[in-house]
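These notes concern the structure reproduced below.
The values are calculated or read from the model by the stated rules, or taken from the named source; none is laboratory data. Fair warning: this is a prediction, and the values are worked out from it, not measured in the lab. Glycine gets a Cβ as well: all are built from the backbone with ideal geometry, and neighbour counts include every protein chain shown. The protein model used for the area step is the full one, side chains on, heavy atoms only, and it has no ligands, DNA or RNA in it. Shrake-Rupley method; radii C 1.70, N 1.55, O 1.52, S 1.80 Å.
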Amino acid sequence: MKTQSRRTAVVGAGYVGVATAVGLAENGHPLLLVEQDSDRLAALEDGRISFHEPGLPEAYATQHAAGRIAPTSA
């Protein structure tokens, strides 16, 4: 039986969305992080988040750099 790779999407990159995305990525799930706000999306694409939660900016940057979180607008 062939295993199929699945990709997860998290819609919205606010506090809950980013924290959820990081948690899933840290558990090995590659995912798309969908955000419509162009300024927030630009920050995400640079490996940054637009707010501060202790430890979350570093965790996001690590998962993004590893290719497990791919920000997108669609």
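Taken together, Glu35, Glu45, Glu26, Glu58 contain a single residue that is more than 17 Å from Thr8 (Cα to Cα) and in contact with a helix residue (DSSP H, G or I) (Cβ under 9 Å, 6 or more places away or on another chain), which is Glu45. Within segment 1-60, being farther than 19 Å from Ala74 by Cβ, open to solvent by 100 Å² or more (accessible area, probe 1.4 Å) and among the β-branched types (Val, Ile, Thr) holds for Thr3, Val16.
Is one or more of the residues making up segment 51-67 within 13 Å of Ala19 (Cβ to Cβ), in contact with a Leu (Cβ under 6 Å, 6 or more places away or on another chain), among the hydrophobic types (A, V, I, L, M, F, W, C) and not in a loop (DSSP other than H, G, I, E, B)? Looking for residues that are within 13 Å of Ala19 (Cβ to Cβ), in contact with a Leu (Cβ under 6 Å, 6 or more places away or on another chain), among the hydrophobic types (A, V, I, L, M, F, W, C) and not in a loop (DSSP other than H, G, I, E, B), one finds none in segment 51-67, hence no.
Residue pairs whose Cβ atoms lie under 8 Å apart, sitting 6 or more positions apart in sequence or on different chains, and linking a residue in segment 35-55 that is within 15 Å of Ile69 (Cβ to Cβ) to a partner that is open to solvent by 70 Å² or more (accessible area, probe 1.4 Å) and at pLDDT 95 or above, are Gly47/Ala65; Ser50/Asp39; Ser50/Arg40.
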